[in-house]
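Notes follow the structure.
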Amino acid sequence: MTKRLLTLSLVTLLGTGLASAQEQVVNIYSARHYPSDAALYSQFTQNTGIRIQRVDADDAGILARLRAEGAASPADVILLVDAARLWRGEEEGLFQPVKSATLDAAIPAQFRSQPGANGATAWFGFSTRARLIVYDKIKVKKEDVDTYEELGDTKNKGRLCLRSGSHPYNLSLFGAVLEHLGEQKTEAWLKGMVDNMARPPKGGDTDQIRAVASGECAVAVTNSYYLARLMRSSKPEDQAVVERIGVVFPNQASWGTHVNIAGGAVARHAKHPANAVKFLEYLASAQAQEHFANGNNEWPVARGVQLDNPALKAMGGTNFKSETIPISVVGKNSVKVQQMLDRAGLR
């Protein structure tokens, strides 16, 4: 073999080896900041040999970074924790459509984006969290807070605590209510909640729960997994909080409790798209779905997964009525909701 041919052969071998090495990685931009997810990622690598490189930020920060990076972005998988932000990423063309028989079979249509003309899907939900109402068992009757509409009723004047109205968790709840009630009634409801505030919106969901237990307010809204954390805590102060409050799955006699999703997508400019799809398919597996339930107190989305979480079971397991409107519609409604919040003065 001539020197030139030998050189070419070595270059070819080195190039092939480099490509092979590059294929064994997946770059994830994640808004999931849960320590328990470390086990989720390590198990994927153990199962597949694909190494995970992760960048953590909030939903808005991830979308902003994707816009700024454009085609140079190293991101393969995008993990977000809100339907409105997933919808926004799809609308802005930040995701690439995925065709996967595995994902289509596992994830109900309600919890994924509407398929395009070729049947491909932009994003998939992998876990849900219910938007619950918690209340002071001493001061409030359960029947006065068993619907979302009652949060804006004058009977709850001076009782209500909320985190920021424009936080994604509340935007998605409000987007769902808009779908059920229409624009006029929803805006009146938002104004009613402003009138019922015990104090200006502040803090996160856990802060709202603690505010009810401390007597700062009497009614609040929280995602279910924040409450489940307190229920599973061994700290006496957390158990005291749980003992003081009552919990409601709202609207069981009407459209059902609002559920939001944590979901994922393949980035538009993914350099390892096959590995990205493998990772999403892994998130739909029984192994990963059980982790969402037991590791982070979320309800699994995939069909046929059994729930084995004492806190979620104590709240009612899966035996509650949840709304059935497509999550993608809830996300789309967030634009109108933000305008209503401005008019209602709910910051």
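Values in this text are rule-based calculations from the coordinates and carry no lab data. For clarity, every value in this text was computed on a predicted model and none was experimentally measured. Quick reminder, even Gly has a Cβ in these numbers, built from the backbone with ideal geometry, and neighbours come from all protein chains shown.
The table for this structure:
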item	result
Global geometry of the range 230-283, whether rounded, prolate or oblate, following the gyration tensor of its Cα atoms and the 1.5 cut on a/c	oblate
Three-way shape label, the range 16-108, alpha-carbon gyration tensor, a/c 1.5	rounded
Using alpha-carbon coordinates, inclination of helix 183-195 to the longest axis of the chain, degrees	70 degrees
Surrounding net charge for residue 27, when Lys and Arg each add one and Asp and Glu each subtract one, Cβ distance under 9 Å	+1
Given charges at beta-carbon only (K, R positive; D, E negative), |dipole| of the chain in Debye	460 debye
Helix axis angle, 59-69 relative to the chain longest principal axis, alpha carbon, degrees	30 degrees
Cβ-derived FRET efficiency at R0 35 Å, residue 343 paired with residue 313, nearest 0.05	0.25
Low-density loop positions, GluC sites (Glu not before Pro), the range 276-347 - DSSP coil, at most 15 other Cβ in 10 Å	none
Among 345, 212, 273 - extreme Cα towards positive end, dipole of the chain, charges at beta-carbon	273
Low-density loop positions, trypsin sites (Lys or Arg not before Pro), the range 233-318 - DSSP coil, at most 15 other Cβ in 10 Å	303
About the Cα centre, charge dipole magnitude for the range 134-234 (Lys/Arg +1, Asp/Glu -1 at Cβ), debye	480 debye
Centroid-to-centroid separation of the range 136-166 and the range 187-236 [C-alpha atoms, Å]	10 Å
Helix axis angle, 327-344 relative to the chain longest principal axis, alpha carbon, degrees	50 degrees
Cα shape, the range 110-214, gyration tensor, a/c 1.5 rule	prolate
Over 19 Å [Cα-Cα, the range 214-347], rounded percent	65 percent
Order of 197, 315 under a 10 Å beta carbon neighbour criterion, fewest first	197, 315
Scattering curve values for the range 159-198, log₁₀ I(q)/I(0), Debye with Cα scatterers, q = 0.26 Å⁻¹	-0.94
Listed candidates (i) 60, 52, 43; (ii) 91, 43, 32; (iii) 62, 42, 40 - label of the one calculated as Cα extents along the principal axes in Å	(ii)
Dipole in debye (nearest 20) - the range 41-91, about Cα centre, beta carbon charges: Lys, Arg +1; Asp, Glu -1	160 debye
Euclidean distance between Cα centres, the range 61-98 to the range 273-347, Å	18 Å
For the chain, share of DSSP beta bridges that run antiparallel, in % to the nearest 5	65 percent
